[in-house]
Amino acid sequence: MSDCLFCKIIAGEIPSAKVYEDELVYAFKDINPIAPVHILIIPKQHISKLEDVNAENSAVISHIFEVAAILSKQLGLKNGFRIVSNCGEDAGQTVFHIHFHLLAGRKLGWEEQ
Ligand code: 5GP
Ligand code: ZN
């Protein structure tokens, strides 16, 4: 999608601090981190939000969780980590290209942000 911020990041039109890339997925550091490790993992395919996941596009979502496991090992997140995907207004979604926050490096409370 031409007007999507994260599609522009994937295309390299907007710079980002890449931590992982393969044919399906791109991962980069969040510009406004809320934890010492705060990475966004996104599909290269534009899916707006969790509500739009279906039988046709869900393979990339399971792949994102494989990537999270790979990154957790690469980054040595021995004390654990959290994956968050905000869907819609009440959850605080601000960018409508589905993304999974990988948070780690400090004790995480339950009511974050
Ligand atoms: P949401 O609030 O939609 O769950 O998360 C969007 C995230 O994208 C936020 O944590 C925000 O800091 C991050 N973000 C917004 N714009 C940019 C950007 O241009 N570059 C990077 N690296 N992160 C961004
Ligand atoms: Zn997009």
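If you go through segment 11-24, how many residues are surrounded by 15 or more Cβ atoms within 10 Å (Cβ to Cβ) and within 11 Å of ligand 1 (Cβ to nearest atom)?
The number of residues fulfilling the criteria is 2.
Assuming residue 82 fulfils every condition listed in (1) of a type in the set (Lys, Arg); (2) more than 15 Å from ligand 1 (Cβ to nearest atom); (3) farther than 19 Å from residue 1 by Cα apart from one, which condition is it?
Status for residue 82: all satisfied but (2).
Could you count how many residues in segment 88-111 are surrounded by 15 or more Cβ atoms within 10 Å (Cβ to Cβ) and within 15 Å of ligand 2 (Cβ to nearest atom)?
7
Based on this model, can you work out whether residue 34 counts as in a loop (DSSP other than H, G, I, E, B) and in contact with an Asp or Glu (Cβ under 8 Å, 6 or more places away or on another chain)?
On the way: in a loop (DSSP other than H, G, I, E, B): yes; in contact with an Asp or Glu (Cβ under 8 Å, 6 or more places away or on another chain): yes.
Taking the combined requirement at face value, the residue satisfies it.
Suppose we filter segment 35-56 for residues that are closer than 20 Å to residue 75 by Cβ and loosely packed, with under 13 Cβ neighbours inside 10 Å; how many remain?
Number of matching residues: 1.
Assuming residue 8 fulfils every condition listed in (1) assigned to a loop (DSSP other than H, G, I, E, B); (2) within 11 Å of ligand 1 (Cβ to nearest atom); (3) within 23 Å of residue 89 (Cα to Cα) apart from one, which condition is it?
Of the numbered conditions (1) assigned to a loop (DSSP other than H, G, I, E, B); (2) within 11 Å of ligand 1 (Cβ to nearest atom); (3) within 23 Å of residue 89 (Cα to Cα), the odd one out for residue 8 is (1).
Of all residues in segment 69-113, count the ones that are assigned to a helix (DSSP H, G or I) and in contact with a helix residue (DSSP H, G or I) (Cβ under 9 Å, 6 or more places away or on another chain).
0
For segment 45-66, which positions are in contact (Cβ under 8 Å) with a residue 12 or more places away in the chain and within 15 Å of the chain's Cα centre (by Cα)?
Across segment 45-66, the qualifying residues are 45, 46, 47, 48, 49, 50, 53, 60, 61, 63, 64, 65.
FYI, it's all coordinate maths here, none of it is from the lab. Please read these numbers as outputs of a predicted model, since none were measured by experiment. Backbone-built Cβ (ideal geometry, glycine too); neighbour counts: all protein chains shown.
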